[in-house]
Amino acid sequence: MEYLNDMALFVEVAKARSFRRAAETLGMPNSTLSRRISLLEKSIGLRLLHRTTRRIELTEAGQLYYERSKRIVEEARIAHEQLGEMVAQPSGVLRVSLPVDFATTYLAPMLPEFAALYPGMDFDFDLTPRNVDLVAEPFDLAIRMAAPQTSNLIARVIARLTPRLYAAPGYLQQKGEPHHPSELKQHQCLTMQNIGSWILHREAESVETTVGSRFRGNSVAMIRRLAVLEMGISALPERVVMEELASGQLRRILPEWQLAPTSVYAVTETRLLPAKTQRFIEFLRERLREE
């Protein structure tokens, strides 16, 4: 598509009626510009310019080509400028798939600020638990609590959430409070599905202990609720239980210990992202950094 570049060069020459003035405007050597226009004429098979020692004039074919080309070059310039405006002020619908617990606990409180920053954007959130197909379905990105298994997707870490241990005062009064991770095997530990042990860390020390209870699930909100209802000990990030801690419904136990951070990923189909998606990922990464 080299002829499109040469078309833009021809338009500058035709406007200036001079190779020298056009070359100065374009910031390129006069000889290079003249050679490119000659190649353009050769590819078309028609002479576009009458060249004299003092001035250049458009041929009949050149006048027709100039009138058509000028509109094309102008439309391309406008399109380029509009895309630049989109980068500065993203717009359009942002479609995101994400877990409902992350959406309600982390994303929802941030949305008013982000929406105010970019009034030209609308939002479509899919909070179903399924893993959407980013290739076949019209999503801009997905937020996931684990890295994708397929290698054709791009995963960016936007946060690391550190689970700590919490229990209701009533549960601790009934069952007693553990003072070392090894004692957790004697308690009801509310876990996500397919988790049979916790590894707790205290500075350089790590302890792995078997955990379990009568209740397992794939919902952070349900585990939090069961902990409030005195059904066991939960391992959750502090933000998830902030209100329950403030009200006294839960309190932290084994305060020197914590589980390894869990990474949160922004998953996309490609590295080449529209501005709306880039800004959203950058915003989440910045606001979640404190977590």
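The criterion of being open to solvent by 40 Å² or more (accessible area, probe 1.4 Å), in a helix (DSSP H, G or I) and out of contact with any Asp or Glu (no Cβ under 7 Å at 6 or more places or on another chain) holds for GLN173. Residues in the range 70-91 that are open to solvent by less than 80 Å² (accessible area, probe 1.4 Å) and more than 15 Å from the chain's Cα centre (by Cα) were compared, and the one that is farthest from VAL11 (Cα to Cα) is ALA88. Within the range 83-105, is even one residue under 30 Å from ARG130 (Cβ atoms) and among the aromatic types (Phe, Trp, Tyr)? Within the range 83-105 (the criterion being under 30 Å from ARG130 (Cβ atoms) and among the aromatic types (Phe, Trp, Tyr)), the answer is yes, since at least one residue qualifies. Within the range 123-153, if we keep just the residues that are more than 9 Å from VAL96 (Cα to Cα) and charged (D, E, K, R), the residue that is modelled with the highest pLDDT turns out to be ARG144.
The values are calculated or read from the model by the stated rules, or taken from the named source; none is laboratory data. Given the structure is predicted, the values throughout are model-derived calculations rather than measurements. Neighbour counts run over all protein chains shown; Cβ positions are idealised from the backbone, glycine included. Surface areas here come from the heavy atoms of the whole protein model, side chains and all, with no ligands, DNA or RNA. Shrake-Rupley method; radii C 1.70, N 1.55, O 1.52, S 1.80 Å.
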